[in-house]
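Peer 1: Here it is, the structure, as structure tokens.
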């Protein structure tokens, strides 16, 4: 799971398992974040938020559509693999989980999309 806060990372992983957390702005049922416009489940609070995306929801596309990224480390587990990615041009870094036969090579430019609904959490007021 990727997040700027190690405390948030620990709590989120303990509750949800592996996840990618990205800052977003919610309007209606759409979250706009580094991975584009995503559909939010439920009745989300409007405005600044964090979106939770499961690594297996992040698709690596072959057709050149989607959000550009560069492949970092690939960790192969046999039936599946994790792929560390840097969204272009300047991040953030995220992790996708793909089938073991769909592992791109490190350094390869790719494009990403998110499959399915995401969960949004309203930003806390400080």
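Peer 1: Over the chain, calculate the relative contact order: mean separation of alpha carbon pairs under 8 Å at least 6 apart, over the residue count, as a percent.
Peer 2: It comes to 28 percent, rounded to a whole number.
Peer 1: To make sure I understand, if each residue's beta carbon is the centre and we count other beta carbons within 10 Å, what order do 35, 85, 117 fall in, fewest to most?
Peer 2: Lowest count first: 117, 35, 85.
Peer 1: Could you work out how much longer the chain between residue 62 and residue 101 gets when fully extended? Use 0.36 nm per residue separation minus the Cα distance between them, nm to one decimal.
Peer 2: Additional length available on full extension: 12.6 nm.
Peer 1: Once R0 is set to 25 Å, what does the formula 1/(1 + (r/R0)^6) return for the Cβ-Cβ distance between residue 113 and residue 75, expressed as a FRET efficiency to the nearest 0.05?
Peer 2: Calculated transfer efficiency: 0.70.
Peer 1: Among 94, 87, rank each residue by its count of other Cβ atoms within 10 Å, from fewest to most, as a rough exposure measure.
Peer 2: 87, 94
Peer 1: Would you order 108, 82 from fewest to most other beta-carbon atoms within 10 Å of each residue's own beta-carbon?
Peer 2: 108, 82
Peer 1: Right, something else. Quick one: angle between helix 6-16 and the longest Cα principal axis of the chain, in degrees between 0 and 90, rounded to 10, please.
Peer 2: Approximately 90 degrees, to the nearest 10.
Peer 1: Quickly work out the residue 18-to-residue 124 label distance, labels modelled 7 Å from Cα along the C-beta direction, and quote it in nm with one decimal.
Peer 2: Result for the modelled spin labels: 2.7 nm.
Peer 1: Please build a GNM for the chain, connecting alpha carbons under 10 Å apart, and tell me which residue among 30, 39, 73 fluctuates the most.
Peer 2: With Cα springs under 10 Å in the chain, the top fluctuation among 30, 39, 73 is at 73.
Read-outs throughout are calculated quantities, based only on the coordinates presented, and are distinct from any laboratory measurement. Since we're looking at a predicted model, the values are computed, not measured. Note that we place each Cβ from the backbone using ideal geometry, even for glycine, and neighbour counts take in every protein chain shown.
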